[in-house]
Amino acid sequence: MPVLLGPVLRGLNIKTDGLYVDGTFGRGGHAYAILEQLGPSGRLLAMDRDPQAIASVSERRSQDPRLEVIKGEIAALEKLTKARGLAGRIDGVLFDLGVSSPQLDDAGRGFSFRRDGPLDMRMDPGDGVPASAWLATVDKKTLTRILRKFGEEPHAARIAGAIAAARKRAPIERTTRLAEIVADAVPRRSATSKPRRHPATRTFQAIRIFINDELGQLRAGLEQSVRVLARGGRLCVITFHSLEDRLVKRFIREASRERVQYRGLPDVPPEFRPTLKAVGRAIVPDAAEVADNARARSARLRIAERL
């Protein structure tokens, strides 16, 4: 169930003969909806770093000449579009960030603290090291810093200490074991306190973001989007937590202004002029969408247009 589908389609301002990139294909919810609005000469390049996402494309869809689905990460956006002669010609780029529902629902991927499975968390299981291997060797100080930076976890030091102590007794190789360690380390609230998120939520988020270099990927993808978009092309980014949203917001704001040394001057060289303009404010799901899809509740969509 694609999040904020209507606002995304409107934000991309789709032309029937346009060229579009979905940098986070997932299971194709947004991509197939974009494809339905394209005519015979339109084209959609869909990318994902998860090989399972690529394998999910049906034979019927794979035969559509307007659609190309490839394994690739958003940090390779410029490289992949250049290789196809599309850089500078793209009419719309979409990034739907974070972990997908199929990844969360598959216990074998290790993303969910609610399902017992191997503690992996890699978007691409063939690249990098699983979270369990990293947790076995990371020092307590570094782990504390990662939990604070990428999870905004107020109890980072306590959790890091608990993890360091627990791994001395036995390797931390299962998602539920890590969740239990974190839950035991976090101070319990009283029975009369309001319900809150699971105590392992921030820890799992932080480790996942670090293991997959998600913010580094996002920075690279945003910077490259400016170079691959055609004049008037749209950038649409869906975020699910404040770290991503702040990064996107600041990027669009800075790209919408002259370079610092030229601000306020009457004549600005072309290469130092704004490259984007924000299109409206952040868009959030309405109550009806959240009722249909609880995982949409924290989504925010930001849109910008190439100048």
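Tabulated results
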{"read-out": "Checking residue 247 against (1) surrounded by fewer than 20 Cβ atoms within 10 Å (Cβ to Cβ); (2) at pLDDT 95 or above; (3) over 24 Å from residue 9 (Cα atoms), the condition it does not meet", "value": "(3)"}
{"read-out": "Residue that is farthest from residue 20 (Cα to Cα), among those in the stretch 71-99 that are open to solvent by less than 30 Å² (accessible area, probe 1.4 Å) and not aliphatic (A, V, I, L, M)", "value": "98"}
{"read-out": "Sole residue being surrounded by 15 or more Cβ atoms within 10 Å (Cβ to Cβ) and without any contact (Cβ under 8 Å) to a residue 24 or more places away in the chain, chosen from 120, 105, 184", "value": "120"}
{"read-out": "Qualifying positions in the stretch 291-307 - part of a helix (DSSP H, G or I) and touching a residue at least 24 places away in the same chain (Cβ under 8 Å)", "value": "292, 295, 296"}
{"read-out": "Pairs with Cβ under 8 Å, 6+ apart, first in the stretch 251-280 and touching a residue at least 60 places away in the same chain (Cβ under 8 Å), second outside any loop (DSSP other than H, G, I, E, B)", "value": "279/11; 279/234; 279/303; 279/304; 279/305"}
{"read-out": "Residues of the stretch 4-52 satisfying the condition of being of a type in the set (Gly, Ala, Ser) and on the phi > 0 side of the Ramachandran plot", "value": "26, 28"}
{"read-out": "Residue tally, condition touching a Gly at 6+ places or on another chain (Cβ under 6 Å) and aliphatic (A, V, I, L, M), over the stretch 266-307", "value": "1"}
{"read-out": "Selection status of residue 288, in contact (Cβ under 8 Å) with a residue 60 or more places away in the chain and under 30 Å from residue 202 (Cβ atoms)", "value": "no"}
{"read-out": "Selection from the stretch 135-171 of residues that are under 21 Å from residue 115 (Cβ atoms), touching a residue at least 24 places away in the same chain (Cβ under 8 Å) and surrounded by fewer than 18 Cβ atoms within 10 Å (Cβ to Cβ)", "value": "171"}
{"read-out": "Among the candidates 177, 219, residue that is farther than 26 Å from residue 252 by Cβ, open to solvent by 50 Å² or more (accessible area, probe 1.4 Å), at pLDDT 95 or above and in a helix (DSSP H, G or I)", "value": "177"}
{"read-out": "Cβ-Cβ under 8 Å pairs, at least 6 apart or on other chains, the stretch 60-80 side in contact (Cβ under 8 Å) with a residue 24 or more places away in the chain and more than 29 Å from residue 213 (Cβ to Cβ), far side crowded, with 17+ Cβ neighbours inside 10 Å and β-branched (Val, Ile, Thr)", "value": "61/69"}
{"read-out": "Qualifying residue in the stretch 132-144 (condition: acidic (Asp, Glu) and modelled with pLDDT under 95)", "value": "no"}
{"read-out": "Complete set of residues in the stretch 232-244 that are buried (at least 19 other Cβ atoms within 10 Å of the Cβ) and either free of Cβ contacts under 8 Å to residues at least 40 places away in the same chain or more than 18 Å from the chain's Cα centre (by Cα) (or both)", "value": "233"}
{"read-out": "Residue among 156, 136, 166 that is under 24 Å from the mean Cα position of the chain (by Cα) and not basic (Lys, Arg)", "value": "156"}
{"read-out": "The stretch 1-54, subset charged (D, E, K, R), under 23 Å from residue 284 (Cβ atoms) and at pLDDT 95 or above, residue surrounded by the fewest Cβ atoms within 10 Å (Cβ to Cβ)", "value": "10"}
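So that you can scan it fast, the table gives a plain yes or no per residue for (1) over 13 Å from the mean Cα position of the chain (by Cα); (2) closer than 28 Å to residue 122 by Cα; (3) surrounded by fewer than 21 Cβ atoms within 10 Å (Cβ to Cβ); (4) acidic (Asp, Glu):
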{"site": "203", "(1), (2), (3), (4)": "yes, yes, no, no"}
{"site": "209", "(1), (2), (3), (4)": "no, yes, no, no"}
{"site": "224", "(1), (2), (3), (4)": "yes, yes, no, no"}
{"site": "230", "(1), (2), (3), (4)": "yes, no, yes, no"}
{"site": "253", "(1), (2), (3), (4)": "yes, no, yes, no"}
{"site": "260", "(1), (2), (3), (4)": "yes, no, yes, no"}
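The values are calculated or read from the model by the stated rules, or taken from the named source; none is laboratory data. Worth saying up front: this structure is predicted, and the values here are computed from it rather than measured. Quick reminder, even Gly has a Cβ in these numbers, built from the backbone with ideal geometry, and neighbours come from all protein chains shown. Note: accessible area is taken over every heavy atom of the protein model, side chains too, but ligands, DNA and RNA are not part of it. Shrake-Rupley method; radii C 1.70, N 1.55, O 1.52, S 1.80 Å.
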